[in-house]
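Peer 1: Take this structure, written in structure tokens, and hold onto it; I'll ask about it next.
The values are calculated or read from the model by the stated rules, or taken from the named source; none is laboratory data. Not measured: the values here are computed from a predicted model. Note that each Cβ is placed from the backbone with ideal geometry, even for glycine, and that neighbours are counted across all protein chains shown. Note: areas computed on protein heavy atoms with side chains; ligands, DNA, RNA excluded. Shrake-Rupley method; radii C 1.70, N 1.55, O 1.52, S 1.80 Å.
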Amino acid sequence: MEKMHRARRGAPLAALAAGLLIALPALAQEQFIGLPSYRVGPYAAGGSGIYGGWIDYMTLINERDGGINGVKLTWEECETEYNNARGVECYERLKGKGPTGNTTFQPLSTGITYSVLEKVAQDKIPMVTIGYGRTDAADGRVFPWVFPMISTYWSQASGMVKFIGDKVGGLEQLKGKKIVYLYHDSAFGKEGIPLMEQSAQKYGFTLKQIPVAHPGNEQQAQWLQIRQEKPDYVILWGWGVMNPTALRAAARSGYPRDRIVGGWWSGSEEDTIPAGDAAKGYISANLSGVGTGFPVIQEVQKHVYARNKGNMEDKNRVGSVYYNRGIVHGILTVEAIRTAQQKFGSGKPMTGEQVRWGFEHLNLDADHLARLGATGLLPELKVSCADHEGAGKVKFQQWDGSKWLPLTDWIEADRAQVRGLIEASAGAYAKEKGITPRDCSKEP
């Protein structure tokens, strides 16, 4: 009899426990993104703007959409100070975090890219290097884990040559002209040299290479040399404080700023505003659109900043060059995860290997970009096994003294020339490292 009473007393408790279990919400699925950012040091403007825009886009996806098919995005920043050793430390610190480990590594540094190039392949974490890094990694047959998407340094250099050619009346009119390549003396600064040297031979212009030591705030000797050379154009391949320093030095030496064509790491508001009037007329490349007129930026303002969840301390930077580039980083990352879910399971967190597949099958056509509210913010993009760049386009803009004005639509690089260099360099790397390139016809 006593046993029967104990059973009866336990029955309601069991039922209550069962009810509580039913009432508990399911644990939220999470997708972890490690962010090797840099918000201090001489290049903080770039790091804070790009990572700020990227975080705002991920916040938008969580706030507006509830994540990617219900999978919430989570992230953690690790400060690299744009330092190679710290970048490697951050890579190691972040790689095991989250339910499936870090699923993409995007260091915004060519030096850090080179430092972890072999590590990402070993750990099966895709590394995305939008507009920077090792150009020959665009050959996905040799570098399956690296994605220099939208445009590489060689595509940028090719676009610059095309742009300057157009300014002088056509590429054939470059013969006999002189172009100075003023570059940051680092792995980043040297990336454009192979394409520029080949283009000089191809089109008959004289190329003068002038390095500038890090961080770039001493350029008196370089601009004295430029004054002596009297080039038709100067390509400014700079970063950080080097850029406004160059513009001020050009003004002092009397060199026309509309004859200086900067790279996309030399074409932000943080490069021109500090130079004051010396920057007016200056031209630069860009791989994304500028301003707040894009629907996706307006969605961020509505769902993120209106709820006081924005990442940028200075809200006026929303819509700036670096900020919008961060939005592009966010779009490509989210859409790669979404693409991976379509194959490996909607509503599930993806592994690094699955996200790699998503990046390699990313296809952002005009309709897709329109649905994202990103028409004109980035070019149409189609990544494949062999081509991890996917677009190879650049546009140009000009500083009017207070803002960037568009000068061109997307200009496509000389794809045959760029691809030839990529395949030759990637092939040499494969031979050196004993890598057998993938047969893309056998890839799923």
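Peer 1: Where the second residue is part of a helix (DSSP H, G or I) and acidic (Asp, Glu) and the first is open to solvent by less than 10 Å² (accessible area, probe 1.4 Å) and lies in region 43-61, which pairs have Cβ atoms under 7 Å and are six or more apart or on separate chains?
Peer 2: Every condition considered, the pairs that remain are 60/299.
Peer 1: Can you find, within region 226-277, the residue that is farthest from the chain's Cα centre (by Cα) among those that are under 20 Å from residue 403 (Cβ atoms) and assigned to a strand (DSSP E or B)?
Peer 2: My answer is 260.
Conditions tested, residue by residue: (1) of a type in the set (A, V, I, L, M); (2) under 26 Å from residue 392 (Cβ atoms); (3) buried (at least 18 other Cβ atoms within 10 Å of the Cβ).
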| residue | (1), (2), (3) |
| --- | --- |
| 228 | no, no, no |
| 232 | no, yes, no |
| 266 | no, yes, yes |
| 283 | yes, yes, yes |
| 287 | yes, yes, yes |
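Peer 1: Between a residue in region 168-190 that is open to solvent by less than 30 Å² (accessible area, probe 1.4 Å) and any residue that is among the hydroxyl-bearing types (Ser, Thr, Tyr) and part of a strand (DSSP E or B), which pairs come within a Cβ distance under 6 Å, given they are 6 or more apart or on different chains?
Peer 2: So the pair list comes out as 179/233; 189/183.
Peer 1: Limited to region 362-396, what total is found for residues that are part of a strand (DSSP E or B) and open to solvent by 10 Å² or more (accessible area, probe 1.4 Å)?
Peer 2: Of region 362-396, the ones part of a strand (DSSP E or B) are 363-364, 375, 378, 381-382, 387, 393-396.
Retained after the next criterion (residues that are open to solvent by 10 Å² or more (accessible area, probe 1.4 Å)): 363, 375, 382, 387, 393, 395.
Going through region 362-396 one residue at a time, the tally reaches 6.
Peer 1: Please indicate, with yes or no, whether at least one residue in region 323-338 is more than 18 Å from the chain's Cα centre (by Cα) and assigned by TED's automatic domain parsing to the domain that holds residue 100. Give the derivation first.
Peer 2: Filtering region 323-338 for residues more than 18 Å from the chain's Cα centre (by Cα) gives 338.
Next cut, assigned by TED's automatic domain parsing to the domain that holds residue 100 only: 338.
Yes, the conditions are met somewhere in region 323-338.
Peer 1: How many residues are in contact with a strand residue (DSSP E or B) (Cβ under 7 Å, 6 or more places away or on another chain) and among the small types (Gly, Ala, Ser) if we restrict to region 219-245?
Peer 2: Matching residues across region 219-245 total 1.
Peer 1: What pairs come up if the first residue lies in region 366-388 and is modelled with pLDDT of 95 or more, the second is polar (S, T, N, Q) and open to solvent by less than 50 Å² (accessible area, probe 1.4 Å), and their beta carbons are under 7 Å apart, counting only those six or more places apart or on different chains?
Peer 2: From region 366-388, the pairs are 377/288; 377/324; 378/288.
Peer 1: Among the listed residues 334, 321, which satisfies the condition of being more than 18 Å from residue 239 (Cα to Cα) and surrounded by 19 or more Cβ atoms within 10 Å (Cβ to Cβ)?
Peer 2: Among 334, 321, only 334 is more than 18 Å from residue 239 (Cα to Cα) and surrounded by 19 or more Cβ atoms within 10 Å (Cβ to Cβ).
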